[in-house]
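Here's the structure we're looking at; comments come further down.
The values are calculated or read from the model by the stated rules, or taken from the named source; none is laboratory data. Predicted model, so just to flag it, every value in this text is computed and none were measured. FYI the Cβ positions are ideal-geometry reconstructions off the backbone, even for glycines, and counts take in every protein chain you see. Surface accessibility is based on the protein's heavy atoms, side chains included, excluding ligands, DNA and RNA. Shrake-Rupley method; radii C 1.70, N 1.55, O 1.52, S 1.80 Å.
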Amino acid sequence: QALPDALNEWMSAPALLSQVRQAFKKVGDPRRYGQKFSLPDILMSGLAVFSLKYPSLLKFDEQRDEARIRANLKSLYGVERAPCDTQLRTVLDRVNPAEIRAPFIEINRRLYQQGLLESFRFLGGFLISIDGTREFASSNIHCSDCCIRHHRNGEITYYHQLLGAVIVHPDQKQVIPLFPEAITRQDGATKNDCEANAGKRLLKHLREALPDWPLRVVEDGLSANGPHIKLLNELNIGYLISVRPEGQESLSAEVKNRVLKGECQEYEVLGPDKILRGYRWIRAIPLNKSHPDLRVNFLDYWEVRDEKESNFSWITDLEFTTDNVHLGVRGGRSRWHIENQVFNTLKNQDYEFEHNYGHGKQHLATVLAMLMMLAFLIDQVQEYGCTFFQAARRRFHSRTSLWIKMKGIFIEFFVESWEALWRAIIFGHSGGILQPD
């Protein structure tokens, strides 16, 4: 069979994992952790847990000393020596989560430089869907990074959340994750962190890491406020932000006023699918009474099918015409990709996002969540552009079946390379005869 073409060169597991390991070498001096294992080996071992979809660190630890596992960790992940689960937790607990951004940045920059993200361009740039989700909650386990919720009945909940950021496109099944931002109690803070504060940090870090990228965020109505939009303008980041009348009363009133005056553009079209679609857009409308000088463009969309009407609205910096307004709607609605294609996948397709792999006393829960998201990035890039991965994926009805097959081969055979692994999955392999040692 043909070897990977040029597209695969940068989108295959060996290339992606090599970039990750090089980034991990820059994380810091391993001597500060007081361990005999190299820090890249520890980080790559943690990544392997999520790449292979182990249900827990303990399950990984039970097998790591077997000859096949040691050999395969070295040939596939470059791990010379894998730590036990206790050592892995102890070290990762002290790693600064900010340092785990490096492999995300390295992979995305390389894809961008090689022109491999061009099919993700939409509306003149890259749509970045941003949203938060809970990764951990407990009534008794907690750490210094935990946010705290006090209930009326006197109970306390400790929790972590993660703010994800992924490149989306209305026509792409895959997403390309950028580095996430942890929603955790910040050093010296007396109050809980929140999604808004995490969003500010994330946007600044994204612009710093990707200074020349044309970015446009697609967000929910919580971001439709003056300080947030001013920050986006300062960072030269475009936006498509969902709004609802009940959450934006002054904006809604101004929209009605403009419509009555005829200061808007709109049209309806009945499609071959018998769905009536309507578009309305207004230029340079005041955001709200608190920020009357902050002008935004308004986009309203409705569709009627089977006599049931649905309505969606956004504020944006985009300028619309009858030729491109439908693209604005498609871009705005692609915000849901982060929920449907990211969080649902991480929670329901063997990534075990909400499982407690280890909480620690400092940063462990966050570092493990970021390693899981990094494994998801590698999977998504391969599914998008690696012919070997794509062919292996087509062999199975679901991703979870593919993960089971991958881990089965990893555990039971000596695997010399990723190509050998994919070929065995795609074309089959001889199982041999069981010969107990």
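So how many Lys-Lys pairs in segment 199-336 land under 27 Å Cα to Cα, not counting same-chain pairs under 8 apart?
10
Evaluate the distance, in nm, between pseudo-label points positioned 7 Å from the Cα of K36 and of E234 along their respective Cα→Cβ axes.
Output for this residue pair reads 5.1 nm.
Would you mind computing, in nm to one decimal, how far apart the modelled labels at K347 and T322 are, each placed 7 Å from Cα along Cα→Cβ?
For K347 paired with T322, the spin-label model returns 4.3 nm.
With r as the distance between the Cβ atoms of L294 and F414 and R0 = 51 Å, compute the FRET efficiency 1/(1 + (r/R0)^6) and round to 0.05.
According to the calculation, E is roughly 0.25.
S401 versus I433, label points 7 Å from Cα toward the beta carbon: distance in nm?
Taking the two extended label points, one gets 3.1 nm.
For the chain, what does the helix formula give at 222 nm: sum of -39500 (n - 2.57) over DSSP H segments with n ≥ 4, over the residue count, nearest 500 deg cm²/dmol?
Estimated from H runs of four or more residues: -12000 deg cm²/dmol.
At a Förster radius of 30 Å, what calculated FRET efficiency corresponds to the Cβ-Cβ distance of I156 and N340, to the nearest 0.05?
After rounding, the FRET efficiency stands at 0.40.
Give me the percent of the accessible area of segment 191-230 that comes from carbon and sulfur atoms, probe 1.4 Å, all protein chains in place.
For segment 191-230, the apolar C and S fraction of the accessible surface comes to 55 percent.
So between T86 and A98, what do we pick up on full extension, going 0.36 nm a residue minus the alpha carbon distance?
2.1 nm
With every protein chain left in place, what is the accessible area of H142 in Å² (1.4 Å probe, nearest 10)?
100 Å²
Just to confirm, what accessible area per residue do you get for the chain at 1.4 Å probe, in whole Å²?
Accessible surface, normalised per residue, equals 47 Å².
With N set to the residue count of the chain, report its C-alpha Rg divided by 2.2 N^0.38 Å to two decimal places.
1.08
Within the chain, what's the longest stretch lacking trypsin sites (Lys or Arg not before Pro) that sit in DSSP loops with no more than 15 other Cβ atoms inside 10 Å?
Between the exposed loop sites, the longest stretch runs 192-273.
When ranked by the protection proxy of mean other Cβ atoms within 10 Å per residue, highest first, what sequence do the peptides 122-128, 317-323 form?
122-128, 317-323
What FRET efficiency would be calculated for the residue pair S75, K261, taking the C-beta separation as r and a Förster radius of 56 Å, to the nearest 0.05?
0.20
Pairs of Cα atoms under 8 Å, at least six residues apart: use those to get the relative contact order of segment 160-290, whole percent.
Across segment 160-290, relative contact order equals 15 percent.
How much accessible area does C146 have with a 1.4 Å probe, in Å² rounded to the nearest 10?
0 Å²
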